[in-house]
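**Student:** Before anything else, here's the structure in question.
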Amino acid sequence: MFRFVVRRLLQMVLAFFGTTLIVYALMFAGQGDPIQALAGERPVTEAQRAYLTEKYNLDRTGVGGFFYRYFDYVGNLLRGDLGESLTGRSIGEILTTAWPVTLKLALIAMAVTIVVGVTAGVVAGMRRASIFDNSTLLLTLLVLGIPTIVLAPLAQYLLGVKWQVFPPTAGAQPSLYALLLPGIVLGSLSLATALRLTRTSVAENLRADYVRTAKSKGLLRRRIVSVHVLRNSLIPVVTFLGVELGNLMSGAIITEGVFNIPGVGFNLFRGIRTEDGPLVVGIVSVLVVVYLVANLLVDVLYAVLDPRIRYE
Amino acid sequence: MSDFETVAASENQAARRGPSGEPGAPNQVGVPGKARSLAGDAWRDLRRNPIFWISLALVVLVTAMAAVPGLFTGNDPRDCALARQHAGPSGAAIFGYDFQGCDTYARSVYGARASLLVGALSALLTGIIALVVGMVAGYFGRWIDAVLSRVIDIVLGIPLLLAAIVLLKRVNSDSSTVRILAVVFVLAILGWTTAARVVRSSVITAKGQDYVAAARMLGAGDGRIMWRHILPNSLAPAVVVLTIALGSFIAAEATLSFLGIGLKAPTISWGIDIDSGRVHMRESATPLVVPSTFLALTVLAFIMLGDAIRDAFDPKLR
C-alpha cells in the first residue's frame with residue numbers, strides 16, 4: 001500500500017509538470033503581444049514597455065526564454081506565490097474570494113448528486129425493469145441529453161424569470177438560496193451519471209456468487225444489500241464522484257456565467273476574454289493540482305475499498 | 001419470431017426437395033438456424049427496442065436536415081429584417097422571428113449542418129486516436145502502457161472546456177471551414193481519452209482470454225493477434241462510446257459557439273442562437289427555446305442510440 005501511494009505520488013508530480021507545461025505553452029504561444037493586450041487600444045510608451053518587459057522577463061526570446069519563464073513560474077507556484085494578474089490584482093487574492101463561492105456551489109451540486117442520484121440508483125438497481133427503474137432511466141437519459149447551455153438558461157427563464165421561484169441571478173454576495181438553482185443545474189449532469197453507474201453496479205453485484213452464498217447462509221436481504229452489495233457497488237461510484245468533484249471545482253464556466261456567480265469559473269472566463277495570461281495560467285495550475293490530488297485520493301480510496309485490486 | 005420463420009422456410013425447402021435432397025439436409029432442419037454471431041444477437045435485441053427506433057429516426061431526421069435543409073423550410077435563415085424583431089408565430093414563420101428579425105425555425109434547421117459535421121468528424125478522429133492508443137497500451141502493457149496511461153492522465157487532467165477555449169483563441173481566421181476544422185481538431189485531441197481507456201481495458205480483458213493464448217500457441221504474431229482476435233472484441237465498446245461521444249461533441253461545439261469562441265457568424269450554429277436568445281429571454285422566449293430543443297433532441301438521439309446499442313452488445317446486462 002505504501003509503495004503504491006509513493007508510486008502514485010511520483011506519477012502525480014509528472015502529471016503536474018506535464019499539464020502546467022502544456023497549459024503554459026498554450027497560453028504563451030496564443031497571446032500575441034501581451035503588453036499591447038494589457039494596454040488594450042491605448043498606445044504604450046517606451047518606458048512602460050521597458051518596465052513591463054523587465055518585470056515579466058519578456059526580453060529573453062526563443063525556447064530558452066520560454067523555459068526560463070516557465071520554471072520561474074513553477075517555482076513561484078510551488079512557493080505559493082501565484083503572481084499578479086495583468087490588472088495588478090494578486091491571483092491568490094482573487095482565488096481566495098472566488099473559491100468559497102465555487103466550493104459552496106460544488107457542494108450543493110454534490111449533495112444533490114449523492115442524495116438523489118445514488119439513492120435512486122440503488123433502488124433502481126434492486127428493482128430492475130420495474131416502473132421506477134424504467135422511468136428513472138428515461139429521466140436520466142433526458143438529463144444527459146440536455147447540455148448545460150440549454151438547461152441553465154431554460155431553468156433561469158422558467159424558474160427565475162417566468163415563475164420567479166428562485167432569484168434569476170446570484171450577484172456579488174450570493175446567499176445559499178440564490179445558489180440552490182445553479183447548484184441543482186450543475187448537479188443534474190453528475191446526478192444522471194451517478195444514478196446509472198450505481199444502478200448498473202448494484203444490478204451486476206446482486207447476481208454475484210457472494211450474494212447467493214449470503215442468501216443461502218440465511219442472511220436478511222436488508223443486510224445483504226446494505227453490507228455486501230452496497231460496499232462493492234459503490235466502488236465505481238466513489239471513483240466517479242471524486243473525479244466529478246475535481247471537475248466541479250474547476251468551475252462551472254457556463255453555469256457561473258449564466259447565473260452571474262462570482263466563482264472560479266467566472267474569473268477564469270473573464271481572464272480568457274481579457275487575454276489575461278497570468279490569471280488564466282495561475283487559476284488553471286491551481287485547478288490542475290486540485291484535480292490531481294482528488295484523483296490520487298480517489299485511487300487510494302479505491303484500493304482501500306476494494307481489496308481485490310492489487311497495485312504492483 | 002424470425003427464428004421460427006427461418007426454420008419454417010428451411011422446412012419448406014427440405015419438403016420441396018423431398019427425398020432426392022442432399023443427405024445432410026433433413027438433419028439441419030432440426031437445428032434452429034446456425035449459431036448466431038454476437039452482432040446478430042445484438043441486432044435481434046435492437047430490433048425489438050423502441051428507444052433504438054425512436055433515436056434512429058431522430059438521427060436520420062437530423063442528418064437529412066443537415067444534408068438538405070431546403071426540404072424542411074422554404075425560408076432563408078439569413079433573410080433578416082429588424083422590422084420583424086420578435087414578431088410572433090405566423091404562417092410565414094411557424095416559430096416567429098428572433099431579435100435580429102430572422103426566422104427562428106429556419107435558423108434552427110440550417111444549424112443542424114455545422115453541428116452534425118463537427119460531431120461526426122470529431123468522433124471519427126477520436127475513434128482513430130483512441131483505437132491506436134488503447135490497443136497499443138492495452139496489448140503491449142509494461143512501460144508503453146505506463147507512458148500512454150500517463151499521457152491519458154495528463155490530457156484528462158486538462159479541463160476540456162478551458163483547454164478548448166485556450167486553443168481556439170489561437171485560431172484567428174473567420175473562414176467557416178477553418179473554424180469548423182479547428183473545433184473538430186480541438187475536440188478530438190482533448191476528447192479521445194475516455195474512448196482510449198475503454199479500448200485499453202477491453203483489450204486487457206481480451207488479452208487474457210483463452211482464445212488469445214490459443215492463437216499465440218499456434219504461432220500467431222502480435223500483429224495478427226491484435227488485428228484478428230483483439231480488435232473485433234474491443235470494437236463494440238468503442239463504437240458505443242463513440243456514438244455517445246458524438247452526441248457530447250455536438251453539445252461541446254454548441255457550448256463553445258455559445259461562449260463565442262467556437263463557430264462564428266455567418267456560420268449558423270445552435271450555440272450562437274441559444275446565446276443570443278438567452279440575452280433577450282425577457283422579451284421573447286421562442287428564439288431561446290427552439291434552438292435549445294433542436295440541440296437537446298439531437299444530443300439526446302445520439303446518446304440514446306449509443307445506449308441502446310450498448311445494452312444490446314453487453315450480454316452481462318441482459
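Values in this text are rule-based calculations from the coordinates and carry no lab data. On a predicted model such as this, the values are computed, not experimentally measured, just so you know. Don't worry about glycine lacking a Cβ; one is built from the backbone with ideal geometry, like all the others, and counts go over all protein chains shown.
**Student:** What helices does chain A have that are whole DSSP H segments, at least 20 Å long along their own axis by Cα, and with mean Kyte-Doolittle hydropathy of 1.0 or more?
**Tutor:** A:2-29, A:91-112, A:131-145, A:176-206, A:230-249, A:277-305
**Student:** A further question follows. Under unit Cβ charges (Lys, Arg +1; Asp, Glu -1), what dipole magnitude, rounded to 20 debye, does the protein assembly as shown have relative to its Cα centre?
**Tutor:** Once rounded to the nearest 20, the dipole reads 2020 debye.
**Student:** Would you please give the residues with an amide H less than 5 Å from that of B:Gly101, counting only those at least 5 places away or on a separate chain, with H modeled from the backbone geometry?
**Tutor:** Distant-sequence amide H within range of B:Gly101: B:His86.
**Student:** Just counting partner chain Cβ atoms within 10 Å, what average do the residues of peptide A:150-162 show around their Cβ?
**Tutor:** Numbers: counts 17, 2, 2, 11, 9, 0, 3, 8, 3, 0, 1, 3, 3.
Partner Cβ neighbours, averaged per residue: 5.
**Student:** Of the lysine pairs in the protein assembly as shown, how many meet both conditions: Cα atoms under 29 Å apart, and a spacing of 8 or more in sequence or different chains?
**Tutor:** 8
**Student:** Can I ask one more? Neighbouring Cβ atoms within 10 Å as the yardstick, rank B:Phe140, A:Phe259 fewest first. Before the final figure, lay out the partial values.
**Tutor:** Numbers: B:Phe140 15, A:Phe259 30.
So the residues, fewest neighbours to most, are B:Phe140, A:Phe259.
**Student:** Dipole size in debye (nearest 20) for the stretch A:170-224 around its Cα centre, Lys and Arg Cβ +1, Asp and Glu Cβ -1?
**Tutor:** Charge dipole, the stretch A:170-224, about its Cα centre: 540 debye, nearest 20.
**Student:** Between A:Lys217 and A:Arg69, what is the FRET efficiency for a Förster distance of 60 Å, r being their Cβ-Cβ separation, to the nearest 0.05?
**Tutor:** Here the calculated transfer efficiency is 0.35.
**Student:** Would any residue of the stretch B:74-95 have its amide N under 15 Å from a label point 7 Å out along Cα→Cβ of B:Ser176? List them or say none.
**Tutor:** Hits in the stretch B:74-95 for B:Ser176 at 15 Å: B:76-80.
**Student:** Let me ask you something else. If I model a spin label at B:Ile144 and A:Val238 as a point 7 Å from the Cα along the Cα→Cβ vector, what separation in nanometres do I get?
**Tutor:** With each label point 7 Å from Cα toward Cβ, the separation is 3.4 nm.
**Student:** Arrange the following residues from fewest to most other Cβ atoms within 10 Å of their Cβ: B:Lys169, A:Lys162.
**Tutor:** A:Lys162, B:Lys169
**Student:** Of A:Val202, A:Val243, A:Val185, which is farthest along the charge dipole of the stretch A:95-305 in the positive direction, counting Lys and Arg as +1 and Asp and Glu as -1 at C-beta?
**Tutor:** The Cα lying farthest towards the positive end belongs to A:Val202.
**Student:** Determine, from the Cβ-Cβ distance of A:Arg89 and B:Arg216 and an R0 of 41 Å, the FRET efficiency 1/(1 + (r/R0)^6), rounded to the nearest 0.05.
**Tutor:** 0.10
**Student:** Also: Just to verify a number: FRET efficiency for A:Thr119 and A:Tyr51, C-beta to C-beta distance, R0 = 56 Å, to 0.05?
**Tutor:** Step by step, r from the Cβ atoms, then E = 0.40.
**Student:** I would also like to ask the following. Answer with one residue from B:Ser90, A:Leu138, A:Phe269: the one whose Cα lies farthest towards the positive end of the charge dipole of the protein assembly as shown, charges on Cβ with Lys, Arg +1 and Asp, Glu -1.
**Tutor:** A:Leu138
**Student:** Mind checking which of B:Val299, B:Phe258, B:Val241 is farthest towards the positive end of the stretch B:186-316's charge dipole, using Cβ charges of +1 (Lys, Arg) and -1 (Asp, Glu) about the Cα centre?
**Tutor:** Going by the charge dipole, the pick is B:Val241.
**Student:** Now, a different point. How far is it, in nm, from the label point at A:Phe17 to the one at A:Thr97 when both lie 7 Å from their Cα along the line to the Cβ?
**Tutor:** 3.6
**Student:** A further question on this structure: In debye, nearest 20: dipole of the stretch B:38-317 around its Cα centre with unit charges on the Cβ of K, R (+) and D, E (-)?
**Tutor:** Rounded to the nearest 20 debye, it is 620 debye.
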